[in-house]
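Some notes on the structure that comes next.
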Amino acid sequence: MNHSHRPAPLLAPSLLASDFANLQAETERLAHSAADWLHCDVMDGRFVPNISFGIPVLQAIHRHAQQPLDVHLMIEEPQHYLAAFRDAGAANLTVHYEACTHLNRVIQQIKSLGCRAGVALNPHTPVWVLEDIAADLDLVCIMSVNPGFGGQSFIPNTLRKVAALKELLVDCGSRALIEIDGGVTTENATALVQAGADVLVAGSFVFNSPDPIATLAEMREMLTTALTSDLD
């Protein structure tokens, strides 16, 4: 793949894997790291079999964050909460395709709030379902694990799916960024970027490492090198 005009991929550490008892400290130490966005997983116990955090916690994170908050709504009926999450500090709002009966309306609602509009696809959902809305999207999040819990293993089919999505976005004239969420490590990050990924979400791999800031720096250096070598 020719990356001649391609910006460096973005890193979005997932705060779901951080120390919840020290969210202020975690957020502040990421301020001067290689993180481009801070990924926030909101779970409702209905759309996914887990409950994470909601609006008050997001407000608290936003008070100390230097990077944009990339808010991933793993919730049913997200249209009722979009303005509240924007007001809590969300720069990006990503809803699930599987949770939205009227997806076009929800995407327009997010855009009218001034946020980047994203759609996430569960592992079983094919990319072609986005064909008629791709041109309106700012972000497509490919779930590379089943949503609901951190620390899961990467689903290998994701690489093929990313390549297929990249092709679809080009065909639709969409400028949407491709984000990968789940099981991202230094083992698969380069292959994902080469397949077309623009944003990598990493949770457990970053926060369970001895030095999360050093791990993010290592990922940044590795991806920059991969992109440079692709241009040669």
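Before moving on, here are some points about what is shown:
- Relative to the current alpha-carbon distance between His102 and Glu77, full extension at 0.36 nm per residue lengthens the span by 8.0 nm.
- Residues of segment 193-232 with amide N under 17 Å of a point placed 7 Å along Cα→Cβ from Ala25: 207-214
- Residues of the chain: accessible area per residue with a 1.4 Å probe, Å²: 44 Å²
- Surface/4 estimate of mean projected area, convex hull on alpha-carbon atoms of segment 104-232, nm²: 8.7 nm²
- The percentage of C-alpha pairs in the chain whose separation is greater than 32 Å is 12%.
- Residues of the chain were split at every exposed loop site, defined as trypsin sites (Lys or Arg not before Pro) in a DSSP loop with at most 15 other C-beta atoms within 10 angstrom, and the longest piece left, sites excluded, is 47-174.
- Element breakdown for the chain at a 1.4 angstrom probe: carbon and sulfur atoms account for 50% of the accessible area.
- Considering all C-alpha pairs of segment 147-203, those separated by over 18 Å amount to 30%.
- Hz values of 3J(HN,Hα) by residue in segment 172-186 - Karplus curve (6.51, -1.76, 1.60), Gly and Pro given as x: 8, x, 8, 9, 4, 7, 9, 10, 10, 10, x, x, 7, 9, 5
The values are calculated or read from the model by the stated rules, or taken from the named source; none is laboratory data. It should be emphasised that the depicted structure is a prediction, and the values quoted were computed from it without experimental measurement. Note that each Cβ is placed from the backbone with ideal geometry, even for glycine, and that neighbours are counted across all protein chains shown. For the accessible areas, the whole protein counts, side chains as well, though only heavy atoms, and no ligand, DNA or RNA atoms are used. Shrake-Rupley method; radii C 1.70, N 1.55, O 1.52, S 1.80 Å.
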